[in-house]
1. Within the range 127-185, considering only helices (runs of 4 or more DSSP H) that don't extend past its boundaries, which have at least 1 residues that are touching a strand residue (DSSP E or B) at 6+ places or on another chain (Cβ under 7 Å)?
2. Regarding the range 251-271, can at least one residue be identified that is out of contact with any helix residue (DSSP H, G or I) (no Cβ under 7 Å at 6 or more places or on another chain), assigned to a helix (DSSP H, G or I) and open to solvent by 40 Å² or more (accessible area, probe 1.4 Å)?
3. Quick check, is ALA35 under 18 Å from the mean Cα position of the chain (by Cα), away from ligand 4 (no atom under 12 Å from the Cβ), open to solvent by 10 Å² or more (accessible area, probe 1.4 Å) and at pLDDT 95 or above?
4. Identify the single condition in (1) open to solvent by less than 70 Å² (accessible area, probe 1.4 Å); (2) more than 16 Å from ligand 4 (Cβ to nearest atom); (3) within 27 Å of ALA217 (Cβ to Cβ); (4) small (Gly, Ala, Ser) that ALA113 does not satisfy, given that it satisfies every other one.
5. Quick one: LEU67 ticks every box in (1) open to solvent by 30 Å² or more (accessible area, probe 1.4 Å); (2) touching a helix residue (DSSP H, G or I) at 6+ places or on another chain (Cβ under 7 Å) bar one, so which box is it?
6. Kindly establish whether GLU278 is closer than 27 Å to THR22 by Cα and more than 16 Å from ligand 1 (Cβ to nearest atom).
7. Restricting attention to the range 172-185, does a residue exist that is open to solvent by less than 70 Å² (accessible area, probe 1.4 Å) and within 16 Å of ligand 2 (Cβ to nearest atom)?
8. Return yes or no: is ALA165 in contact with a Lys or Arg (Cβ under 7 Å, 6 or more places away or on another chain), closer than 15 Å to LEU112 by Cα, open to solvent by less than 70 Å² (accessible area, probe 1.4 Å) and of a type outside the set (Val, Ile, Thr)?
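The values are calculated or read from the model by the stated rules, or taken from the named source; none is laboratory data. In this text, all values refer to a predicted model and were calculated from it rather than measured experimentally. Neighbour counts are summed over all protein chains in view; Cβ atoms, including those assigned to glycine, are modelled from backbone coordinates with ideal geometry. Accessible surface areas use protein heavy atoms only, side chains included; no ligands, DNA or RNA. Shrake-Rupley method; radii C 1.70, N 1.55, O 1.52, S 1.80 Å.
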Amino acid sequence: MNTEVYDLHCHSTASDGALSPTELVQRAQSRGVTALALTDHDTTQGLAEAQQTAQTLGMRFIHGIELSTNWQNKCLHIVGLGIDPTYPPLAEATQNLQNIRLLRAEKMAEKLAKKGIDGALEAVKKAAGEGMITRTHFADFLVSQFHVDSQQDAFDRYLAKGKLAYVATPWAELEQAVGWITQSGGIAVLAHPLRYGLTASWMRRLLEAFKLMGGQAIEVVTGRHNPDEINQLANYAKRFDMAGSVGSDFHSPENQWVELGRLAALPSDVRPVWQLLEKSGG
Ligand code: AMP
Ligand code: MN
Ligand code: MN
Ligand code: MN
């Protein structure tokens, strides 16, 4: 009987999370998590510190990442679990992605400056530090400068696709990203499948394509799912013979709706992704 409490999707200051890798692992432990994967956007920078802390606390730690990818003109997020961050093509890809994110940030800041909002680039660079610059950093900047009332408002007015400061980004192709994950020994998991606004037929096409590329799992339980959504995702997992993952997508203690480890159980008829992790040694 597996009695671990899993949380296989969360963020630290290496990308757009509010907590350092150490603080994140400590918080996960205090919330009852016994097996944690850190999955920062397009970077593995936080893994070593998180692993170290997890080891000290006697927690199981799984090396993870959340890659931003392009498929059929849609930006899809792929979580890699049990990856090897030293695998050269993956390490090279994350280096490139850091640069791609910096170039995007420069363009976004220019767009904001044209609307009379100055200083964004300096602010997001400072906030991101050594980590990845994300739109969340822009959202926080816009809130801090009183241009918007909330992160959500910042996305709705400035940062979402088609809005004023939006810049299309040349993410890796889905197939390539799945390759980096699987060839480094990891399991590729489609993150939050219901967040892309796909119709049922697009979802079917995506899952078929993802499977052919080597994708092995989908997130069935995430921090904000209701029972209907979990049921829907469990059905997709079963129909496409994919394993199911669980992850809060925790970013910050300030978001009271999403907490580390506060997750519904994976439906018992869905094959858990951790069975695959054990096989891959992740
Ligand atoms: P990026 O990868 O830099 O494009 O930033 C994407 C991140 O922005 C996501 O991982 C979320 O954390 C955050 N995000 C995206 N859309 C929204 C939204 N509507 N409201 C709040 N945060 C969002
Ligand atoms: Mn994020
Ligand atoms: Mn995501
Ligand atoms: Mn995420």
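1. Result: 174-183.
2. Taking every residue of the range 251-271 in turn, none turns out to be out of contact with any helix residue (DSSP H, G or I) (no Cβ under 7 Å at 6 or more places or on another chain), assigned to a helix (DSSP H, G or I) and open to solvent by 40 Å² or more (accessible area, probe 1.4 Å).
3. Numbers: under 18 Å from the mean Cα position of the chain (by Cα): yes; away from ligand 4 (no atom under 12 Å from the Cβ): yes; open to solvent by 10 Å² or more (accessible area, probe 1.4 Å): no; at pLDDT 95 or above: yes.
No, not satisfied.
4. (3)
5. (1)
6. On the way: closer than 27 Å to THR22 by Cα: yes; more than 16 Å from ligand 1 (Cβ to nearest atom): yes.
Yes, satisfied.
7. Narrowing the range 172-185 to residues open to solvent by less than 70 Å² (accessible area, probe 1.4 Å): 172, 174, 177-182, 184-185.
Filter again for within 16 Å of ligand 2 (Cβ to nearest atom), leaving none.
Checked against the condition, which is being open to solvent by less than 70 Å² (accessible area, probe 1.4 Å) and within 16 Å of ligand 2 (Cβ to nearest atom), the range 172-185 yields no hits at all.
8. On the way: in contact with a Lys or Arg (Cβ under 7 Å, 6 or more places away or on another chain): yes; closer than 15 Å to LEU112 by Cα: yes; open to solvent by less than 70 Å² (accessible area, probe 1.4 Å): yes; of a type outside the set (Val, Ile, Thr): yes.
So ALA165 passes the test.
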